[in-house]
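Trainee: Next up is a structure, given as C-alpha coordinates.
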Amino acid sequence: MTEHAFAEYVRTLGRGKRARRSLTREEARNAMQMILDGKVEDVQLGAFLMLLRVKEETPDELAGFLDACRGVCDETLKDFPAVQLDWPSYAGKKKHHPWYLLATVLLADQGIRTLLHGGPAHTPNRVYTDELLPALGLKVATTVSEASDHLARQGLAYLPIEQFCAPLSHLLTLRFYLGLRSPINTLARSLNPARAPLSMQSVFHPAYIALHQGAAELCGDRDLLLFKGEGGELEVRPDARTAITGIRHGKPLDDAILDNVLPRTTPPGTPDADMLKKVWRGEAQDEYGENAVIQTVAVALWGLDKAENLEEAQQQARALWQNRDTRRAMKS
(Lines give C-alpha, C1' and ligand atoms only; values in the text may rest on other atoms or scores of the structure.)
Protein backbone atom coordinates (compact mmCIF):
# COMPACT_ATOMS: atom_id res chain seq x y z
CA MET A 1 0.00 0.00 0.00
CA THR A 2 1.45 3.37 -1.03
CA GLU A 3 1.60 6.10 1.60
CA HIS A 4 -0.65 9.11 1.05
CA ALA A 5 1.30 12.03 -0.44
CA PHE A 6 0.27 14.40 2.35
CA ALA A 7 1.52 12.09 5.10
CA GLU A 8 5.08 13.39 4.80
CA TYR A 9 3.98 16.88 5.85
CA VAL A 10 2.16 15.57 8.91
CA ARG A 11 5.16 13.40 9.77
CA THR A 12 7.59 16.32 9.42
CA LEU A 13 5.62 18.31 11.97
CA GLY A 14 4.68 15.43 14.23
CA ARG A 15 7.91 13.57 14.92
CA GLY A 16 9.28 13.67 18.45
CA LYS A 17 10.70 16.84 19.96
CA ARG A 18 14.18 16.22 18.55
CA ALA A 19 13.20 14.96 15.12
CA ARG A 20 10.36 17.26 14.15
CA ARG A 21 10.99 20.46 12.24
CA SER A 22 9.15 23.31 10.57
CA LEU A 23 8.23 23.12 6.90
CA THR A 24 10.27 24.95 4.32
CA ARG A 25 8.46 27.59 2.29
CA GLU A 26 8.25 25.23 -0.68
CA GLU A 27 6.90 22.39 1.48
CA ALA A 28 4.31 24.72 2.98
CA ARG A 29 3.24 25.88 -0.47
CA ASN A 30 2.91 22.30 -1.70
CA ALA A 31 0.99 21.24 1.40
CA MET A 32 -1.43 24.17 1.11
CA GLN A 33 -1.89 23.51 -2.60
CA MET A 34 -2.97 19.96 -1.81
CA ILE A 35 -5.44 21.31 0.74
CA LEU A 36 -6.85 23.82 -1.74
CA ASP A 37 -7.18 21.08 -4.36
CA GLY A 38 -9.14 18.85 -1.98
CA LYS A 39 -6.47 16.14 -1.96
CA VAL A 40 -6.19 15.86 1.83
CA GLU A 41 -8.25 13.61 4.09
CA ASP A 42 -10.09 15.19 7.02
CA VAL A 43 -8.02 13.30 9.59
CA GLN A 44 -4.83 14.58 7.96
CA LEU A 45 -6.12 18.13 7.84
CA GLY A 46 -7.02 18.21 11.53
CA ALA A 47 -3.68 16.72 12.54
CA PHE A 48 -1.76 19.10 10.28
CA LEU A 49 -3.48 22.24 11.56
CA MET A 50 -3.17 21.31 15.22
CA LEU A 51 0.47 20.28 14.94
CA LEU A 52 1.15 23.68 13.41
CA ARG A 53 -0.89 25.31 16.16
CA VAL A 54 1.13 23.65 18.91
CA LYS A 55 4.47 24.23 17.19
CA GLU A 56 3.46 27.75 16.07
CA GLU A 57 3.84 28.57 12.41
CA THR A 58 6.96 30.27 11.08
CA PRO A 59 7.25 33.16 8.58
CA ASP A 60 8.48 30.68 5.94
CA GLU A 61 5.45 28.46 6.48
CA LEU A 62 3.04 31.37 6.31
CA ALA A 63 4.78 32.68 3.18
CA GLY A 64 4.42 29.26 1.56
CA PHE A 65 0.73 29.15 2.41
CA LEU A 66 0.36 32.64 0.93
CA ASP A 67 2.13 31.56 -2.26
CA ALA A 68 -0.54 28.92 -2.84
CA CYS A 69 -3.54 30.97 -1.76
CA ARG A 70 -2.61 34.18 -3.52
CA GLY A 71 -2.44 32.22 -6.75
CA VAL A 72 -6.11 31.35 -6.25
CA CYS A 73 -6.97 34.95 -5.33
CA ASP A 74 -5.15 36.33 -8.37
CA GLU A 75 -7.17 34.08 -10.66
CA THR A 76 -10.50 34.69 -8.94
CA LEU A 77 -10.06 38.48 -8.80
CA LYS A 78 -8.15 38.96 -12.06
CA ASP A 79 -10.78 41.39 -13.38
CA PHE A 80 -11.47 43.09 -10.04
CA PRO A 81 -11.08 46.89 -10.03
CA ALA A 82 -8.08 48.42 -8.28
CA VAL A 83 -8.40 49.22 -4.60
CA GLN A 84 -6.14 51.33 -2.42
CA LEU A 85 -6.65 49.71 0.95
CA ASP A 86 -6.89 46.08 2.04
CA TRP A 87 -8.99 45.65 5.20
CA PRO A 88 -9.15 42.09 6.62
CA SER A 89 -11.95 41.62 9.14
CA TYR A 90 -12.05 38.15 10.68
CA ALA A 91 -12.12 38.61 14.46
CA GLY A 92 -15.63 39.89 15.17
CA LYS A 93 -16.72 42.07 18.07
CA LYS A 94 -17.59 40.97 21.56
CA LYS A 95 -17.54 43.93 23.96
CA HIS A 96 -17.17 47.21 22.03
CA HIS A 97 -19.31 48.62 19.24
CA PRO A 98 -17.84 48.08 15.74
CA TRP A 99 -16.43 51.59 15.32
CA TYR A 100 -14.02 50.39 12.63
CA LEU A 101 -16.96 50.26 10.23
CA LEU A 102 -17.42 54.03 10.49
CA ALA A 103 -13.71 54.38 9.78
CA THR A 104 -14.15 52.52 6.50
CA VAL A 105 -17.15 54.68 5.59
CA LEU A 106 -15.28 57.90 6.35
CA LEU A 107 -12.34 56.77 4.22
CA ALA A 108 -14.62 55.73 1.37
CA ASP A 109 -16.27 59.15 1.44
CA GLN A 110 -12.80 60.59 0.75
CA GLY A 111 -12.40 58.44 -2.35
CA ILE A 112 -10.19 55.79 -0.73
CA ARG A 113 -11.37 52.55 -2.33
CA THR A 114 -11.34 49.81 0.28
CA LEU A 115 -11.92 46.07 0.12
CA LEU A 116 -13.07 44.47 3.35
CA HIS A 117 -12.95 40.69 3.51
CA GLY A 118 -13.84 38.22 6.19
CA GLY A 119 -14.92 34.69 6.87
CA PRO A 120 -17.83 32.83 8.40
CA ALA A 121 -18.61 33.18 12.08
CA HIS A 122 -16.30 30.84 13.97
CA THR A 123 -16.27 31.95 17.62
CA PRO A 124 -19.36 32.00 19.86
CA ASN A 125 -20.58 35.29 21.35
CA ARG A 126 -19.00 37.47 18.69
CA VAL A 127 -20.68 39.60 16.03
CA TYR A 128 -19.03 39.71 12.61
CA THR A 129 -18.74 42.34 9.92
CA ASP A 130 -21.09 40.66 7.47
CA GLU A 131 -23.80 40.68 10.16
CA LEU A 132 -23.25 44.35 10.98
CA LEU A 133 -22.91 46.01 7.58
CA PRO A 134 -26.58 45.72 6.51
CA ALA A 135 -27.60 47.80 9.53
CA LEU A 136 -25.53 50.63 8.03
CA GLY A 137 -27.12 50.28 4.63
CA LEU A 138 -24.08 48.51 3.21
CA LYS A 139 -24.50 45.26 1.34
CA VAL A 140 -22.43 42.11 1.64
CA ALA A 141 -21.41 40.87 -1.80
CA THR A 142 -22.41 37.35 -2.74
CA THR A 143 -20.26 37.33 -5.88
CA VAL A 144 -17.08 39.01 -7.09
CA SER A 145 -19.18 40.90 -9.63
CA GLU A 146 -21.41 42.29 -6.88
CA ALA A 147 -18.34 43.40 -4.93
CA SER A 148 -17.09 45.26 -8.00
CA ASP A 149 -20.43 47.03 -8.25
CA HIS A 150 -20.45 47.92 -4.55
CA LEU A 151 -16.95 49.32 -4.85
CA ALA A 152 -17.99 51.54 -7.75
CA ARG A 153 -21.15 52.74 -6.01
CA GLN A 154 -19.98 53.30 -2.44
CA GLY A 155 -16.18 53.26 -2.50
CA LEU A 156 -15.96 50.14 -0.36
CA ALA A 157 -17.01 46.53 -0.64
CA TYR A 158 -17.15 43.51 1.63
CA LEU A 159 -16.35 40.18 -0.01
CA PRO A 160 -16.58 36.91 1.92
CA ILE A 161 -13.52 34.69 1.68
CA GLU A 162 -15.63 31.92 0.17
CA GLN A 163 -15.93 34.05 -2.97
CA PHE A 164 -12.19 34.39 -3.64
CA CYS A 165 -10.55 31.43 -1.86
CA ALA A 166 -13.41 29.10 -1.04
CA PRO A 167 -11.50 26.25 0.68
CA LEU A 168 -10.29 28.62 3.41
CA SER A 169 -13.88 29.42 4.36
CA HIS A 170 -14.43 25.81 5.41
CA LEU A 171 -11.09 25.69 7.21
CA LEU A 172 -12.03 28.71 9.33
CA THR A 173 -15.16 26.94 10.56
CA LEU A 174 -13.05 24.09 11.95
CA ARG A 175 -12.67 26.29 15.03
CA PHE A 176 -16.04 24.82 16.08
CA TYR A 177 -14.67 21.27 16.01
CA LEU A 178 -11.07 21.76 17.09
CA GLY A 179 -11.81 24.21 19.90
CA LEU A 180 -8.79 26.33 18.92
CA ARG A 181 -7.90 28.85 16.28
CA SER A 182 -5.60 27.47 13.60
CA PRO A 183 -2.96 28.95 11.28
CA ILE A 184 -5.78 29.63 8.82
CA ASN A 185 -6.85 32.57 10.98
CA THR A 186 -3.40 34.08 10.52
CA LEU A 187 -3.30 33.23 6.83
CA ALA A 188 -6.67 34.82 6.00
CA ARG A 189 -5.62 38.18 7.44
CA SER A 190 -2.50 38.21 5.30
CA LEU A 191 -4.06 37.42 1.92
CA ASN A 192 -4.59 40.95 0.53
CA PRO A 193 -6.65 39.27 -2.21
CA ALA A 194 -7.02 42.33 -4.46
CA ARG A 195 -3.32 43.24 -4.10
CA ALA A 196 -4.03 46.67 -2.66
CA PRO A 197 -0.88 48.81 -2.31
CA LEU A 198 -1.53 49.13 1.42
CA SER A 199 -2.73 46.39 3.75
CA MET A 200 -3.55 47.02 7.39
CA GLN A 201 -3.74 44.08 9.76
CA SER A 202 -4.78 43.86 13.36
CA VAL A 203 -3.81 41.13 15.78
CA PHE A 204 -5.19 40.18 19.16
CA HIS A 205 -1.93 38.63 20.38
CA PRO A 206 1.10 40.91 19.78
CA ALA A 207 3.36 37.87 19.38
CA TYR A 208 1.82 37.32 15.93
CA ILE A 209 3.05 40.68 14.64
CA ALA A 210 6.54 39.35 13.86
CA LEU A 211 5.00 36.39 12.04
CA HIS A 212 2.83 38.58 9.80
CA GLN A 213 5.69 40.95 9.10
CA GLY A 214 8.20 38.19 8.39
CA ALA A 215 5.91 36.45 5.90
CA ALA A 216 5.09 39.75 4.18
CA GLU A 217 8.77 40.52 3.78
CA LEU A 218 9.40 37.10 2.26
CA CYS A 219 6.51 37.64 -0.17
CA GLY A 220 7.81 41.04 -1.25
CA ASP A 221 4.96 43.09 0.22
CA ARG A 222 5.93 46.76 0.36
CA ASP A 223 3.38 48.43 2.64
CA LEU A 224 1.85 46.69 5.63
CA LEU A 225 0.78 48.32 8.88
CA LEU A 226 0.31 46.08 11.91
CA PHE A 227 -1.08 46.87 15.34
CA LYS A 228 -2.97 45.32 18.24
CA GLY A 229 -6.54 46.36 17.57
CA GLU A 230 -9.61 46.17 19.78
CA GLY A 231 -10.67 42.54 19.99
CA GLY A 232 -8.47 41.69 17.00
CA GLU A 233 -10.33 43.96 14.56
CA LEU A 234 -8.75 46.87 12.69
CA GLU A 235 -9.72 49.45 15.26
CA VAL A 236 -7.33 51.57 17.30
CA ARG A 237 -8.18 51.72 20.98
CA PRO A 238 -8.18 55.39 22.01
CA ASP A 239 -7.78 54.37 25.65
CA ALA A 240 -4.55 52.44 25.05
CA ARG A 241 -1.10 53.19 23.72
CA THR A 242 -0.86 51.66 20.24
CA ALA A 243 2.41 50.66 18.58
CA ILE A 244 2.24 50.49 14.79
CA THR A 245 4.84 48.37 13.03
CA GLY A 246 5.19 46.51 9.75
CA ILE A 247 6.68 47.46 6.39
CA ARG A 248 6.68 50.96 4.93
CA HIS A 249 7.79 51.57 1.35
CA GLY A 250 9.61 48.25 1.28
CA LYS A 251 11.54 48.71 4.53
CA PRO A 252 10.85 47.45 8.05
CA LEU A 253 9.03 50.07 10.06
CA ASP A 254 10.31 51.14 13.44
CA ASP A 255 7.39 51.35 15.81
CA ALA A 256 5.26 54.44 15.34
CA ILE A 257 3.30 55.29 18.46
CA LEU A 258 -0.23 56.53 18.97
CA ASP A 259 -0.60 57.56 22.59
CA ASN A 260 -3.93 57.02 24.26
CA VAL A 261 -6.21 60.05 24.21
CA LEU A 262 -8.64 58.72 26.81
CA PRO A 263 -8.31 56.95 30.16
CA ARG A 264 -9.19 53.28 30.32
CA THR A 265 -12.81 52.86 29.25
CA THR A 266 -15.35 50.24 30.28
CA PRO A 267 -16.88 48.65 27.15
CA PRO A 268 -20.67 48.58 26.76
CA GLY A 269 -20.62 44.79 26.60
CA THR A 270 -22.86 44.25 23.57
CA PRO A 271 -21.91 45.42 20.06
CA ASP A 272 -24.65 47.51 18.47
CA ALA A 273 -24.60 48.94 14.94
CA ASP A 274 -27.51 51.26 15.76
CA MET A 275 -25.24 53.25 18.06
CA LEU A 276 -22.91 53.85 15.13
CA LYS A 277 -25.72 55.39 13.09
CA LYS A 278 -26.75 57.70 15.92
CA VAL A 279 -23.19 58.90 16.48
CA TRP A 280 -22.60 59.41 12.76
CA ARG A 281 -25.78 61.49 12.47
CA GLY A 282 -24.95 63.52 15.55
CA GLU A 283 -27.97 62.15 17.40
CA ALA A 284 -25.75 60.73 20.14
CA GLN A 285 -22.22 61.24 21.39
CA ASP A 286 -19.66 58.61 22.29
CA GLU A 287 -16.22 59.94 23.08
CA TYR A 288 -14.61 56.52 22.90
CA GLY A 289 -16.23 55.68 19.57
CA GLU A 290 -15.51 59.00 17.90
CA ASN A 291 -11.85 58.82 18.88
CA ALA A 292 -11.62 55.18 17.81
CA VAL A 293 -12.79 56.21 14.34
CA ILE A 294 -10.46 59.21 14.18
CA GLN A 295 -7.39 57.28 15.31
CA THR A 296 -8.08 54.38 12.96
CA VAL A 297 -8.61 56.70 10.00
CA ALA A 298 -5.40 58.50 10.90
CA VAL A 299 -3.37 55.30 10.62
CA ALA A 300 -4.83 54.65 7.16
CA LEU A 301 -4.18 58.22 5.96
CA TRP A 302 -0.58 58.02 7.12
CA GLY A 303 -0.10 54.61 5.54
CA LEU A 304 -1.45 55.94 2.24
CA ASP A 305 0.94 58.92 2.35
CA LYS A 306 -1.90 61.39 2.76
CA ALA A 307 0.02 62.92 5.66
CA GLU A 308 3.68 63.42 6.50
CA ASN A 309 3.40 61.92 9.97
CA LEU A 310 0.88 60.49 12.40
CA GLU A 311 0.31 63.83 14.11
CA GLU A 312 -0.72 65.46 10.84
CA ALA A 313 -2.81 62.40 9.97
CA GLN A 314 -4.68 62.70 13.28
CA GLN A 315 -5.46 66.35 12.54
CA GLN A 316 -6.75 65.43 9.08
CA ALA A 317 -8.83 62.56 10.44
CA ARG A 318 -10.40 64.78 13.10
CA ALA A 319 -11.30 67.37 10.45
CA LEU A 320 -12.82 64.68 8.24
CA TRP A 321 -14.91 63.44 11.16
CA GLN A 322 -16.11 66.93 12.06
CA ASN A 323 -17.04 67.63 8.43
CA ARG A 324 -18.62 64.24 7.67
CA ASP A 325 -21.90 64.12 5.84
CA THR A 326 -24.28 63.41 8.71
CA ARG A 327 -27.10 63.02 6.19
CA ARG A 328 -25.37 60.08 4.54
CA ALA A 329 -27.89 57.38 3.85
CA MET A 330 -27.76 54.69 6.49
CA LYS A 331 -30.52 52.19 6.84
CA SER A 332 -32.78 52.98 9.80
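Trainee: Taking all protein chains as present, what is the carbon and sulfur share of the accessible area of the chain, in % to the nearest whole number, probe 1.4 Å?
Mentor: The value for the chain is 47 percent carbon and sulfur by accessible area.
Trainee: Still on this structure, please answer the following. Would you mind counting up the charge near residue 90? Only other residues with Cβ under 9 Å from its Cβ, with Lys and Arg at +1 and Asp and Glu at -1.
Mentor: Result for the local shell: 0.
Trainee: Please give the Cα centre distance for the range 57-91 versus the range 285-326, rounded to the nearest Å.
Mentor: A separation of 27 Å, based on Cα centres.
Trainee: May I ask you to rank 177, 288 by accessible area, largest first, using a 1.4 Å probe over the protein chains only?
Mentor: Reading off the accessible areas and sorting them downward yields 177, 288.
Trainee: To continue, here is another question. Once phi is turned into θ = phi - 60°, what whole-Hz ³J(HN,Hα) does the Karplus curve with 6.51, -1.76 and 1.60 give for every residue of the range 175-188, x standing for Gly and Pro?
Mentor: Using θ = phi - 60°, the values come out as 3, 4, 8, 8, x, 9, 5, 10, x, 5, 4, 5, 4, 4 Hz.
Trainee: How large is the direction-averaged shadow of the alpha-carbon convex hull of the range 227-332, in nm²?
Mentor: 7.4
Trainee: Which distance in nm do the two modelled labels at residue 264 and residue 315 give, with both placed 7 Å along the Cα-to-Cβ direction?
Mentor: For the pair residue 264/residue 315, the computed spacing is 3.3 nm.
Trainee: Can you sort 80, 227 by 1.4 Å-probe accessible area, starting with the largest?
Mentor: Putting 80, 227 in descending order of accessible area: 80, 227.
Trainee: Using the Cα atoms of the chain, I'd like the radius of gyration and the largest Cα-Cα distance, Dmax, both in angstrom.
Mentor: Final numbers for Rg and Dmax: 19.9, 70 Å.
Trainee: Rounded to the nearest 500 deg cm²/dmol, what is the calculated helix-only ellipticity per residue at 222 nm for the chain, with -39500 (n - 2.57) per DSSP H run of length n ≥ 4?
Mentor: -13000 deg cm²/dmol
Trainee: At 1.4 Å probe size, with every protein chain present, just tell me what the per residue accessible area of the range 200-332 comes to in Å².
Mentor: Result: 47 Å² per residue.
Trainee: When Lys and Arg each count +1 and Asp and Glu each count -1, what net charge do the other residues less than 15 Å away from residue 24, Cβ to Cβ, add up to?
Mentor: -1
Trainee: In the range 212-244, which trypsin sites (Lys or Arg not before Pro) fall in coil by DSSP and have 12 or fewer other Cβ atoms within 10 Å?
Mentor: 241
Trainee: So for each of 193-200, 208-215, 19-26 I average, over its residues, the number of other beta carbons within 10 Å; can you give me the resulting order with the highest mean first?
Mentor: In descending order of packing, they fall as 193-200, 208-215, 19-26.
Trainee: Would you tally the net charge around residue 143, using a Cβ to Cβ cut-off of less than 13 Å, leaving residue 143 out, and scoring K and R as +1, D and E as -1?
Mentor: Value of the local net charge: -3.
Trainee: What's the angle, to the nearest 10 degrees (0 to 90), between helix 287-303's Cα axis and the longest principal axis of the chain?
Mentor: On a 0 to 90 degree scale, this one is about 60.
Trainee: Sort 254, 305 by accessible area with a 1.4 Å probe, largest first.
Mentor: 254, 305
Trainee: Before anything else, pin down the relative contact order of the chain: Cα pairs under 8 Å, at least 6 apart, normalised by residue count, whole percent.
Mentor: Relative contact order, the chain: 19 percent.
Trainee: Any idea of the accessible area per residue across the range 1-77, 1.4 Å probe, to the nearest Å²?
Mentor: About 54 Å² of surface per residue is accessible.
Trainee: Shifting gears a bit: Roughly how many Å² is the accessible area per residue of the range 141-188, as a whole number, for a 1.4 Å probe?
Mentor: 39
The values are calculated or read from the model by the stated rules, or taken from the named source; none is laboratory data. Nothing here was measured: the structure is a model prediction, and the numbers come from that model. Neighbour counts run over all protein chains shown; Cβ positions are idealised from the backbone, glycine included. Quick note on the areas: whole protein, heavy atoms, side chains included, nothing else; ligands and nucleic acids left out. Shrake-Rupley method; radii C 1.70, N 1.55, O 1.52, S 1.80 Å.
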